[in-house]
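Before any comments, here is the structure.
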Amino acid sequence: MKIAIILFVLMYVLIIFLPKYRMAAALGTAVLFMILGILPMSAAPGAVNWNALMMMSGTMVIVDYFIGSGMPAKIADVLLEKSGNVRTVTIYMSLLICRELKISPVPMVLSISVSSNLQGAATLVGDTTSIMLGAFANMDFMDFFWMNGRPGIFFAVEFGALLTIPVMFFLFRNDTEKITHVGKTKVKTMLPTILLLLMIALLITASFIPNKPGITNGMI
């Protein structure tokens, strides 16, 4: 058990300090687990959470094409057009998406980081942590909104997000200069956006299907 913990911690150290080799670090540690008998080779296939792995990989592919389509940039254009000054656009974009503005990046990056982490935890496909939580706790998409007769984590996350708004207004209280934006990003294709919305719709639908296979979300 001590060897397993040491290897696990060492893997995370390598991932943090050598991010380019994180896949090699993770796979190498898994191989060592099997060589040392911590995880018997015969038990390896069953130890993999295929549902979570499929959800992560599938979501990452869709999101990659979604970004490449230009839709996030288009959303940023709309937000810039709707914003009257730097403070407003900063708050808008820290809650949704960011593009470069000629101001100090530190407070904006901090705001975006907080908002990103909050919103990532709000839904099943928000980030890898939510996917792993959902797989471990056998949670469906709708369980993040309502679970066991009580409001789910989504509402706690959004309440936290609301509390960050007055803080951001204070942080950016001096950034009231007007902005001009002439960017007109063209969306290359709507297919990734449609697929992303379709995936979410199917995950919501699957939440209401009883006794479905455990790998359903991953297949979606």
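The values are calculated or read from the model by the stated rules, or taken from the named source; none is laboratory data. What you are looking at is a predicted structure, and each value in this text was computed from that prediction instead of being measured. Cβ coordinates were reconstructed from backbone atoms using ideal geometry, including for glycine residues, and neighbour counts include every protein chain displayed. We work out accessible area using only protein heavy atoms, side chains counted, and drop any ligands, DNA or RNA first. Shrake-Rupley method; radii C 1.70, N 1.55, O 1.52, S 1.80 Å.
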Within a Gaussian network of the chain (alpha carbon springs, distance under 10 Å), most fluctuating of 143, 127, 175 | 175
Which of 112, 161, 220 sits closest to the plus end of the dipole of the chain, meaning its Cα is farthest towards the positive end, when Lys and Arg get +1 and Asp and Glu get -1 on the C-beta?
-> 112
Taking r as the C-beta separation of residue 147 and residue 5 and R0 as 25 Å, the FRET efficiency to the nearest 0.05 is 0.20
Distance between modelled label sites at residue 132 and residue 117, nm, 7 Å Cα→Cβ extension = 1.5
Hey, what angle do you get for helix 2-17 against the long axis of the chain, alpha-carbon based, 0 to 90 degrees rounded to 10?
-> 30
Per q in 0.11, 0.13, 0.15 1/Å, what log10 I(q)/I(0) does a Debye calculation on the alpha-carbon atoms of the chain return?
-> -0.75, -0.99, -1.18
Report, to the nearest 10°, how far helix 153-171 tilts away from the longest principal axis of the Cα atoms in the chain, using its own Cα long axis and a range of 0 to 90°.
-> 40
With R₀ set to 25 angstrom, the calculated FRET efficiency between the beta-carbons of residue 41 and residue 13, to the nearest 0.05, is 0.45
For the residue pair residue 185 and residue 211, what label-to-label distance in nm results when each label sits 7 Å from Cα along the Cα-to-beta-carbon direction?
-> 4.7
For residue 78, solvent-accessible area (1.4 Å; no DNA, RNA or ligand), Å² | 60
Rounded to the nearest 0.05, what FRET efficiency do residue 31 and residue 178 give with R0 = 45 Å and r taken as the Cβ-Cβ distance? Could you check?
-> 0.20
Only helices counted: for the chain, with every DSSP H run of 4 or more residues adding -39500 (n - 2.57) and the sum spread over all residues, [θ] at 222 nm is -20000 deg cm²/dmol
Let me have the relative contact order for the chain, percent, based on Cα pairs under 8 Å that are six or more residues apart.
-> 27
Length gain on complete extension for the stretch residue 194 to residue 23, per 0.36 nm per residue less the alpha carbon to alpha carbon distance?
-> 58.5 nm
Highest GNM mean-square fluctuation, the chain, Cα pairs closer than 10 Å: which of 169, 33, 17?
-> 17
Rounded to the nearest 20 debye, dipole of the chain from Cβ charges on Lys, Arg, Asp, Glu | 360
Taking Cα atoms, the helix 71-82 axis meets the longest principal axis of the chain at an angle in degrees (rounded to 10) of 30
accessible surface per residue for the range 135-205, probe 1.4 Å, DNA/RNA/ligands not counted, whole Å² -> 71
What's the carbon and sulfur percent of the range 1-82's accessible surface, probe 1.4 angstrom, rounded to a whole number?
-> 77
Could you check which residue among 66, 154, 208 shows the biggest mean-square fluctuation in a GNM of the chain with a 10 Å Cα cutoff?
-> 208
